[in-house]
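Encoded as structure tokens, the structure appears first; notes follow it.
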Amino acid sequence: MDTVKTQKISYDQPFNDGQFGSRENRIPALYTLNDGSVIVGADMRYGHGSDSPNNIDIAVALSKDGYGDWEYVMVNHFDDYSETLTEKESASFIDSTIVQTSSGRILLLADAYTYGCGYLQSKTGTGYAEIEGKKRMLLTTGDCGDKPATFGYYIGEYENGLAFVFDRKTGEKTEYTVDEEFRLYKNGEAIYCAQKGSEGVSVQQRIFYAAADLKCYKTTYLWLRYSDDNGKTWSTPKIISPMVKSEDEGFLGVGPGRGTVIEHNGKERILFCVYDNNGLFKDPIFERASVIYSDDNGETWHRGGKIPVKAGVQKTSEAQLVRIDSGDYKALRIYARNLSNYIAYADSTDGGETWTAFRADRGLLGTKNCMISLIDTSRKIDGKQVLLCSQGGNVNARADGVIRVGLVGKKGKVDWISKYHLNKEFFGYSCLTELADGNFADYYEDKPSHITYGVFSLSDKGEISEINGENCEDYKADADKPKNAFAGLMMKLRLMLS
């Protein structure tokens with residue numbers, strides 16, 4: 001392939017070490033907005049790189065073009081613990097995914113957890129009960145891990161930003177009210193608790209905190225916010241779990257990264273990937289990916305069917321969506337991590353409601369059980385739609401980051417024609433986006449608990465080059481020089497398989 005000439009452009013990182021007091025950042029989300037600006041989301045993990053339960057918040061960074069001058073907004077923040085303290089009893093947020101509609105509304109979906117809760121600790125059920133024909137959020141004065149039947153209170157209808165807490169047995173109002181950020185009031189006055197890790201600091205109680213007078217159920221909550229001003233300010237949260245989660249499920253969480261929008265039956269449909277662990281410790285296929293969707297700009301949500309799998313794929317989770325259009329075939333495609341050495345995919349021709357079975361894409365060899373990123377682009381090569389895939393290329397570890405270029409052929413079959421090496425060592429989660437100028441960006445974990453941002457160009461022959469022209473030259477040189485004949489043979493076999 002021809003050498004791609006690149007223009008040397010400098011750009012800053014969206015999140016530098018220490019932003020919001022966090023030096024351990026994970027879980028990239030990345031999206032190019034309608035006006036060409038770029039939004040990045042990430043977990044702010046304070047003094048640790050671990051998942052929930054732990055002290056984790058979610059922030060976004062905003063750039064007018066994706067090349068620098070980043071501005072920052074903390075979107076989801078619990079303050080029961082200070083940013084100086086790592087503690088599993090903290091309430092937390094984790095795993096964001098972002099999309100924007102044609103109206104300009106940005107939606108950010110994430111998992112929210114009570115104190116001491118995460119993937120493994122999520123109890124079966126939604127934490128809601130149907131009371132007088134409406135689903136109401138349950139509260140308790142006891143332990144949030146108790147059975148929902150023991151929860152003696154519920155949150156009523158909101159009016160002017162506040163809702164009364166009702167006694168579940170008598171149906172009478174209590175002296176407590178809750179605002180739309182789930183902060184507690186008693187007799188109209190805010191009530192407080194000590195912030196753990198800070199001497200003399202008090203914070204307003206929220207129903208997700210261990211020290212709160214009233215607490216919500218110990219499970220995963222799908223927590224949605226939106227912005228109508230390009231990410232500068234955000235709405236109060238909306239918990240959409242009771243619309244899409246069944247009462248026999250424990251964990252139902254976000255597939256982090258990015259959502260998508262399509263036109264379906266004359267309406268704009270918003271879609272996010274989710275996955276559950278309903279079969280944990282019971283079923284070899286213990287996680288299953290699915291999608292949730294909204295046809296009314298995020299007001300109400302529905303869930304597509306759980307996607308079956310073919311032999312060899314095993315579980316599916318942390319998936320991403322692309323729109324396939326090869327002229328003779330149009331579909332919504334979901335790509336998911338799994339326990340095989342290949343990324344799995346399935347197709348839907350009814351907007352995500354039903355799916356073909358997951359099967360392995362033999363062109364996407366790489367790290368098993370690690371989030372991957374795929375996007376459809378506006379580019380065409382040889383008249384064919386171009387897909388990009390960011391993944392770890394090492395089948396034995398989270399390592400060897402690569403970006404692959406795929407061309408969509410007849411009946412939606414993708415031919416992965418080239419790949420670009422990002423690094424040879426650690427490579428974790430990543431998220432791609434196409435920029436307004438036709439280049440694209442990848443936000444990827446290049447070290448444990450560290451994310452880096454790169455901008456790349458794509459030639460008309462499918463060759464990728466980093467805009468600043470300094471990435472991975474040493475690795476390319478080393479890769480071309482096997483240390484012995486066996487290594488050379490293994491490299492050839494790997495290239496053939498990939």
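Quick notes on this one:
- Scope the stretch 196-221; condition over 19 Å from Asp143 (Cα atoms) and either in contact with a His (Cβ under 6 Å, 6 or more places away or on another chain) or assigned to a loop (DSSP other than H, G, I, E, B) (or both); matching residues: Gly197, Ser198, Glu199, Gly200, Val201
- Of all residues in the stretch 14-58, those satisfying the criterion of being small (Gly, Ala, Ser) and within 17 Å of Thr84 (Cβ to Cβ) are Gly18, Gly21, Ser22, Gly47, Gly49, Ser50.
- Restricted to the stretch 222-237, and to residues there that are over 11 Å from Ala112 (Cβ atoms) and in a strand (DSSP E or B), the residue that is most open to solvent (accessible area, probe 1.4 Å) is Tyr226.
- The residue pairs whose first member lies in the stretch 261-279 and is farther than 11 Å from Leu332 by Cβ and among the charged types (D, E, K, R), whose second member is assigned to a strand (DSSP E or B) and open to solvent by 10 Å² or more (accessible area, probe 1.4 Å), and whose beta carbons are closer than 7 Å, counting only pairs six or more residues apart or on different chains, are Glu268/Val261; Asp276/Arg288.
- Output for the stretch 373-401, where each listed residue is within 19 Å of Val261 (Cα to Cα) and β-branched (Val, Ile, Thr): Ile375, Thr377, Val386
- Candidate set: the stretch 254-286, residues that are of a type in the set (Phe, Trp, Tyr) and buried (at least 22 other Cβ atoms within 10 Å of the Cβ); chosen: the one nearest to the chain's Cα centre (by Cα): Phe272
- Residue match in the stretch 41-54 (condition: at pLDDT 90 or above, open to solvent by 10 Å² or more (accessible area, probe 1.4 Å), within 24 Å of Thr220 (Cβ to Cβ) and hydroxyl-bearing (Ser, Thr, Tyr)): yes
- Each residue in the stretch 7-62 was checked for being in a loop (DSSP other than H, G, I, E, B), hydrophobic (A, V, I, L, M, F, W, C) and under 26 Å from Leu252 (Cβ atoms), and 0 of them qualify.
- Inter-residue pairs, beta-carbon under 7 Å, first touching a residue at least 24 places away in the same chain (Cβ under 8 Å) and outside any strand (DSSP E or B) and in the stretch 170-191, second surrounded by 15 or more Cβ atoms within 10 Å (Cβ to Cβ) and β-branched (Val, Ile, Thr), 6+ apart: Phe182/Ile207
- When residues of the stretch 363-406 are limited to those that are crowded, with 23+ Cβ neighbours inside 10 Å and within 17 Å of the chain's Cα centre (by Cα), the one nearest to Gly36 (Cα to Cα): Ile375
- Tallying residues that are surrounded by fewer than 24 Cβ atoms within 10 Å (Cβ to Cβ), part of a strand (DSSP E or B) and small (Gly, Ala, Ser) within the stretch 90-131 yields 1.
- Annotation for the stretch 290-308: no member residue is farther than 24 Å from Asp325 by Cβ, without any contact (Cβ under 8 Å) to a residue 40 or more places away in the chain and part of a strand (DSSP E or B).
- Residue count for the stretch 207-228, restricted to those that are of a type in the set (Phe, Trp, Tyr) and under 18 Å from Lys135 (Cβ atoms): 3
- Scope the stretch 320-351; condition surrounded by fewer than 23 Cβ atoms within 10 Å (Cβ to Cβ) and of a type in the set (Phe, Trp, Tyr); matching residues: Tyr329, Tyr342
- Matching residues in the stretch 410-424 - criterion: being assigned to a loop (DSSP other than H, G, I, E, B) and in contact with a strand residue (DSSP E or B) (Cβ under 6 Å, 6 or more places away or on another chain): Leu422, Asn423
- Index of the failed condition, Phe426 passing every other in (1) modelled with pLDDT of 95 or more; (2) farther than 27 Å from Ser22 by Cα; (3) surrounded by fewer than 21 Cβ atoms within 10 Å (Cβ to Cβ): (2)
- Within the stretch 433-448, the residues that satisfy the criterion of being assigned to a loop (DSSP other than H, G, I, E, B), open to solvent by 10 Å² or more (accessible area, probe 1.4 Å) and under 23 Å from Gly259 (Cα atoms) are Ala436, Asp437, Gly438, Asn439.
The values are calculated or read from the model by the stated rules, or taken from the named source; none is laboratory data. A quick note: this is a predicted structure, and the numbers were derived from the prediction, not measured. Cβ sites come from the backbone with ideal geometry, for glycine too, and all protein chains shown count toward neighbours. To get the accessible areas, we keep the full protein, side chains included, count just its heavy atoms, and leave off ligands, DNA and RNA. Shrake-Rupley method; radii C 1.70, N 1.55, O 1.52, S 1.80 Å.
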